[in-house]
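Notes follow the structure.
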Amino acid sequence: MSGALKYGSTLGLGLEVGLRNFEEHNVLRASLSWHFAGAELDSASITTNGGSELASGSYVVSSAELKSVGLNFDNDIHVVLANLYYELPIGMDLFPYVGLGLGVADVENADGTSAAGAVSLGLRIERPDETYWALRYQRFAIGSITDKLGITYGDIGFDIITVTVGMNFSL
């Protein structure tokens, strides 16, 4: 028996604290970040080779149908990353950037944590009042997990688009 779970879009939360202007060329930024997403299952596709309970074939079941038999695949996901960004020096107050983050993920119904990573593409716009605006796309990857039912899942991937209003502080 094999299967695939389909999750819907969701809003998440995040917090990031970082440093910039710590190296000679002022093109690198480093940060620690925490991201939260509430993953709610839409449906599951199940393929079976037959047996005593299910005939051979493919089935699609809804989240509600699974919950009616005591199976809940909704999960809260927390990801903590150490990030490094490279800002492309183009002048003006525009700073396009690429980034890489490595860390750990905690998936609600998993046994233990898993390795996690993210790649980022973004644009930061500096404002004269020590604030900035930013738009960022991130692709997250979480390593294989085993849930509390003993089901092993392959790697998990998801995308996040973030709109940020931030504040610069000088030490």
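Quick grid of which residues meet (1) over 22 Å from Asn109 (Cα atoms); (2) over 20 Å from the mean Cα position of the chain (by Cα):
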position: Asn21; (1), (2): yes, yes
position: His25; (1), (2): yes, yes
position: Gly38; (1), (2): no, no
position: Ser68; (1), (2): no, yes
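Listed by position, the strands (runs of 3 or more DSSP E) enclosed by the stretch 10-49 that each have at least 2 residues that are surrounded by 13 or more Cβ atoms within 10 Å (Cβ to Cβ) and of a type in the set (Val, Ile, Thr) are 41-48. Residue-level check: of (1) touching a Phe, Trp or Tyr at 6+ places or on another chain (Cβ under 9 Å); (2) exposed (fewer than 15 other Cβ atoms within 10 Å of the Cβ); (3) at pLDDT below 90, Asn72 misses just (1).
Results for (1) under 13 Å from the mean Cα position of the chain (by Cα); (2) within 16 Å of Arg20 (Cβ to Cβ); (3) in a loop (DSSP other than H, G, I, E, B); (4) not basic (Lys, Arg), shown as yes or no for each residue.
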| site | (1), (2), (3), (4) |
| --- | --- |
| Gly99 | no, yes, no, yes |
| Gly117 | yes, no, no, yes |
| Pro128 | no, no, yes, yes |
| Ala134 | no, yes, no, yes |
| Phe140 | yes, no, no, yes |
| Ile160 | yes, no, no, yes |
| Gly166 | no, yes, no, yes |
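If you take the residues in the stretch 86-130 that are acidic (Asp, Glu) and in contact with a Leu (Cβ under 9 Å, 6 or more places away or on another chain), which one is surrounded by the most Cβ atoms within 10 Å (Cβ to Cβ)? Once the filter is applied, the top-ranked residue is Glu87. Of all the criteria given as (1) over 14 Å from the mean Cα position of the chain (by Cα); (2) buried (at least 16 other Cβ atoms within 10 Å of the Cβ), the one not satisfied by Asn83 is (1).
The values are calculated or read from the model by the stated rules, or taken from the named source; none is laboratory data. The structure presented is a predicted model; accordingly, all values stated were derived computationally and were not measured. Here the Cβ is made from the backbone with ideal geometry for all residues, glycine too, and neighbour counts use every protein chain on show.
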